[in-house]
1. Would you say S37 is without any contact (Cβ under 8 Å) to a residue 60 or more places away in the chain and either under 26 Å from H223 (Cα atoms) or buried (at least 21 other Cβ atoms within 10 Å of the Cβ) (or both)?
2. Working only within region 230-264, note down all residues that are touching a residue at least 24 places away in the same chain (Cβ under 8 Å), in a loop (DSSP other than H, G, I, E, B) and either open to solvent by 30 Å² or more (accessible area, probe 1.4 Å) or not small (G, A, S) (or both).
3. Could you check, for region 2-13, whether at least one of its residues is out of contact with any helix residue (DSSP H, G or I) (no Cβ under 8 Å at 6 or more places or on another chain), part of a helix (DSSP H, G or I) and either touching a residue at least 12 places away in the same chain (Cβ under 8 Å) or surrounded by fewer than 22 Cβ atoms within 10 Å (Cβ to Cβ) (or both)?
4. Return only the number of the condition from (1) within 18 Å of the chain's Cα centre (by Cα); (2) open to solvent by 20 Å² or more (accessible area, probe 1.4 Å) that V58 does not satisfy.
5. Among (1) of a type in the set (A, V, I, L, M, F, W, C); (2) buried (at least 22 other Cβ atoms within 10 Å of the Cβ); (3) more than 18 Å from the chain's Cα centre (by Cα), there is one condition A23 misses while meeting the rest; what is its number?
6. Does I242 fit the bill of being in contact with a His (Cβ under 8 Å, 6 or more places away or on another chain) and within 17 Å of Q45 (Cβ to Cβ)?
7. If you take the residues in region 103-141 that are open to solvent by less than 30 Å² (accessible area, probe 1.4 Å), free of Cβ contacts under 8 Å to residues at least 60 places away in the same chain and outside any helix (DSSP H, G or I), which one is farthest from A19 (Cα to Cα)?
Amino acid sequence: MPTPPRVLTVAGSDSGGGAGIQADLKTMLALGTHGMSVLTAVTAQNSLGVQGAWELPVEAVRAQYRSVVDDIGTQAVKTGMLSSAVLVETVAELLAGTPVPTVVDPVGVSKHGDPLLAADALDAVRGRLLPAATVATPNLDEVAQLTGVRVREEAELRQAAEAVLAYGPRWVLIKGGHLPGDAVDLLTDGTEEHWLRAPRHDNRHTHGTGCTLAAAVAAELAHGRPVPEAVAAAKEYVTGAIAAGFPLGAGIGPVGHGWRLRRG
């Protein structure tokens with residue numbers, strides 16, 4: 001059997017299985033890649049929110065990364081929860097020595113509004129992590145956190161994209177899912193623009209959408225697809241996963257990562 005493309009996620013653990021490392025690995029498997037992980041933090045988390053978070057030591061993060069990349073290798077990297085400035089700087093340093101496409105999901109808060117990034121880490125994200133990104137995938141809250149730009153309508157997505165691109169990623173995908181109406185995202189490198197639209201599903205069980213989309217982009221890039229094609233395919237996948245979201249616990253349930261398998 002041929003070896004599938006390999007994708008490495010550097011992110012936190014969601015004990016409820018809906019977001020973080022768990023969502024990334026499920027997405028990578030669903031999209032025909034071999035997912036590998038570098039754990040940056042452990043969270044006590046369920047459908048109601050985050051009850052606790054514990055950052056791993058920098059030495060543990062670096063050792064996991066080197067262990068995987070130096071032996072197995074990877075065709076793409078995706079970053080998620082990096083809760084402190086020292087973790088952001090460490091991961092940025094590791095990425096600089098790994099010449100593969102990188103998807104940066106600048107996780108700032110959880111689906112429930114729990115903070116997942118220290119305020120003093122924002123400068124490191126702007127100055128070290130975003131310049132390492134092939135694609136950065138902020139949602140509107142993260143755009144505001146990083147740039148001060150607040151988007152209230154679709155026409156303002158361009159301004160948000162320009163503000164994020166100023167920090168150096170090659171492409172930015174501004175996720176407009178928090179706006180009313182259809183779910184519209186803007187992918188741009190400052191020259192090309194790709195507007196991605198999908199109908200909004202009447203489904204409140206959307207835990208893990210950001211992680212899932214970024215992981216899907218990384219998986220598609222590992223297959224060798226160009227950025228616009230990879231992002232369009234990832235958008236299709238996450239739209240289907242949202243439609244397949246299901247109740248779990250007493251709060252917000254996860255998206256359905258295996259929707260294509262069930263459909264098949």
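1. On the way: without any contact (Cβ under 8 Å) to a residue 60 or more places away in the chain: yes; either under 26 Å from H223 (Cα atoms) or buried (at least 21 other Cβ atoms within 10 Å of the Cβ) (or both): yes.
Considered against the rule, which asks whether it is without any contact (Cβ under 8 Å) to a residue 60 or more places away in the chain and either under 26 Å from H223 (Cα atoms) or buried (at least 21 other Cβ atoms within 10 Å of the Cβ) (or both), S37 comes out as yes.
2. Hits for region 230-264 are F246, P247, L248, G249, A250, I252, V255, H257.
3. If we filter region 2-13 for residues that are out of contact with any helix residue (DSSP H, G or I) (no Cβ under 8 Å at 6 or more places or on another chain), which is where we start, we get 2-4.
Restricting the remaining residues to those that are part of a helix (DSSP H, G or I) gives none.
No, that holds for no residue.
4. Among (1) within 18 Å of the chain's Cα centre (by Cα); (2) open to solvent by 20 Å² or more (accessible area, probe 1.4 Å), the lone unmet condition for V58 is (1).
5. Tallying (1) of a type in the set (A, V, I, L, M, F, W, C); (2) buried (at least 22 other Cβ atoms within 10 Å of the Cβ); (3) more than 18 Å from the chain's Cα centre (by Cα), A23 fails exactly one: (3).
6. Numbers: in contact with a His (Cβ under 8 Å, 6 or more places away or on another chain): yes; within 17 Å of Q45 (Cβ to Cβ): no.
The answer is no for I242.
7. A133
The values are calculated or read from the model by the stated rules, or taken from the named source; none is laboratory data. Being a predicted model, the structure only gives us computed values, none of them experimental. Quick reminder, even Gly has a Cβ in these numbers, built from the backbone with ideal geometry, and neighbours come from all protein chains shown. For accessibility, only protein heavy atoms count, side chains too; no ligands or nucleic acids. Shrake-Rupley method; radii C 1.70, N 1.55, O 1.52, S 1.80 Å.
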